[in-house]
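Peer 1: The structure is given below, and queries will be raised subsequently.
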Amino acid sequence: MGCSHGKCCCVKSSSLDSDSRKTGFHHSHRKNILAQRVLKHVPVPSHNFVLEYTFLTLRGYYPDSLDKQNQDNFCIRTQIQGNPNIHFFGVFDGHGQFGSQCSNFVRDRLVEKLSNDPALVEDPVQAYKSAFSATNHELHTSDIDDSMSGTTGITVLVIGDTLYVANVGDSRAVLAVKDGDRIIAQDLSSDQTPFRRDEYERVKLCGARVLSVDQVEGLKDPSIQHWGNEESWDGDPPRLWLPNGMYPGTAFTRSLGDRLAETIGVVATPEVSTFRLNPNHLFFVVASDGIFEFLSSQTVVDMTAKFTDPRDACAAITEESYKLWLELVNRTDDITIIIVQIKGFSNSSTSGVESSEANVGTALRSPDTVVLSQSCQRSTES
């Protein structure tokens, strides 16, 4: 998240100040991208296909806080529980004063909870819910002050030929689906914000006031409670406020941490969706809202599909997102993206395999974990 309230609190503008013009996608950013050009492969032997993945993260540009940390974190862990058919991809977008600490904590603890759950293969959905709940509790009881800080989390767990997607917040996972001559973007998650009527009604029942900053400041009528959707909305988004307070102002309705926001309905309970892969599924993207604030899911899929090398796609999408942030808001959010290509999947891939839980066996190679802590990459192989 770019600011303490989550989504940007600034009024969108097409004009740039002189500092913003000077801080376009310059050499230092490209050098950072080149340093992160990693491309890895991991097999899914139960269904005879390969996942080819890469990632990229970029610290945002904040004119009033040039040394602000990158609050995004991500984790890629292959061969969960030593199983060559189980792989994890997650992006965590921190917000608030201690957002980087929150996203760092959740990055490490959530995947450990999943890895240590003996029921993971038998009931991945329940394992996911338990892992989010336990991680949230541990964050509350840690040394990190999460009263006004926290993190969203978008994660994809691959078990054989099935994707289990768990989401809290407004980052997103998208699947590319081949449909004749077209490639269609299929959202694997649904942004949890007050734009969603079900989420709006849920937090209202918990006592939240839902108002934009303009409404709070008296510039717009606070009785207007019709938000439309994020794509059509122009201006500051609807936010959650205490009944008698001018905080916390979150633009999302679910997260980990955010103890104060929990009192008005912000929860760490993930929405978990299940998707069975087929030969028409080409790749999936997991990214923070730094990507999706100004790029639609379809645009991200279209841009990814143009490149043979997903590392080039990461760079192009990040650069376009960065440019749009500067043009429209005069700053940029932190940006993180993971692209996972699905290689060699065919209808014959599942022959002789009864289910995605088959072939639990021993790992074909040692587990591979890739995580990012703020702006410093740490990769370990054991």
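The values are calculated or read from the model by the stated rules, or taken from the named source; none is laboratory data. Owing to the predicted nature of the structure, the values given are computational and were not obtained by experimental measurement. FYI the Cβ positions are ideal-geometry reconstructions off the backbone, even for glycines, and counts take in every protein chain you see. Quick note on the areas: whole protein, heavy atoms, side chains included, nothing else; ligands and nucleic acids left out. Shrake-Rupley method; radii C 1.70, N 1.55, O 1.52, S 1.80 Å.
Peer 1: What are the residues in segment 55-91 that are under 28 Å from LEU328 (Cα atoms) and touching a Leu at 6+ places or on another chain (Cβ under 6 Å), if any?
Peer 2: THR57, ASN73, PHE74
Peer 1: So, one more: Read through the list (1) within 21 Å of LEU256 (Cα to Cα); (2) among the polar types (S, T, N, Q); (3) open to solvent by less than 10 Å² (accessible area, probe 1.4 Å), then give the number of the only condition that SER115 fails.
Peer 2: (3)
Peer 1: Next question. Looking at (1) buried (at least 18 other Cβ atoms within 10 Å of the Cβ); (2) under 20 Å from GLY153 (Cβ atoms), which is the only condition THR269 fails?
Peer 2: Condition (1) is where THR269 drops out.
Peer 1: Could you please let me know if ASN48 is farther than 23 Å from ASP309 by Cβ and buried (at least 21 other Cβ atoms within 10 Å of the Cβ)?
Peer 2: Judged against the criteria, ASN48 is not a match.
Peer 1: With respect to ASP236, determine if the residue is open to solvent by 50 Å² or more (accessible area, probe 1.4 Å) and farther than 30 Å from GLY180 by Cβ.
Peer 2: Judged against the criteria, ASP236 is not a match.
Peer 1: Working carefully through the options ALA134, ALA185, ALA173, find the one that is among the small types (Gly, Ala, Ser), surrounded by fewer than 23 Cβ atoms within 10 Å (Cβ to Cβ) and part of a strand (DSSP E or B).
Peer 2: Step by step, each of ALA134, ALA185, ALA173 is checked, and only ALA185 is among the small types (Gly, Ala, Ser), surrounded by fewer than 23 Cβ atoms within 10 Å (Cβ to Cβ) and part of a strand (DSSP E or B).
Peer 1: Just to verify a result, which residue in segment 137-152, among those that are touching a residue at least 60 places away in the same chain (Cβ under 8 Å) and in a helix (DSSP H, G or I), is most open to solvent (accessible area, probe 1.4 Å)?
Peer 2: So, considering only residues that are touching a residue at least 60 places away in the same chain (Cβ under 8 Å) and in a helix (DSSP H, G or I), the one most open to solvent (accessible area, probe 1.4 Å) is HIS140.
Peer 1: Looking at segment 256-266 only, could you name the residues that are open to solvent by less than 50 Å² (accessible area, probe 1.4 Å) and among the charged types (D, E, K, R)?
Peer 2: The one that is open to solvent by less than 50 Å² (accessible area, probe 1.4 Å) and among the charged types (D, E, K, R): ASP258.
Peer 1: Could you tell me whether VAL216 is in contact (Cβ under 8 Å) with a residue 24 or more places away in the chain and more than 25 Å from the chain's Cα centre (by Cα)?
Peer 2: Spelling it out, VAL216 is indeed in contact (Cβ under 8 Å) with a residue 24 or more places away in the chain and more than 25 Å from the chain's Cα centre (by Cα).
Peer 1: For PRO243, all conditions in the list (1) at pLDDT 90 or above; (2) more than 28 Å from SER130 (Cα to Cα); (3) touching a Phe, Trp or Tyr at 6+ places or on another chain (Cβ under 9 Å); (4) not hydrophobic (A, V, I, L, M, F, W, C) hold save one; what is the number of the exception?
Peer 2: (3)
Peer 1: Only residues that are touching a helix residue (DSSP H, G or I) at 6+ places or on another chain (Cβ under 9 Å), touching a residue at least 24 places away in the same chain (Cβ under 8 Å) and more than 20 Å from LEU58 (Cα to Cα): list them for segment 83-129, please.
Peer 2: Residues satisfying the conditions are ILE86, HIS87, PHE88, ARG109, LEU110, VAL111, LEU114, SER115, LEU120, VAL121, PRO124, TYR128.
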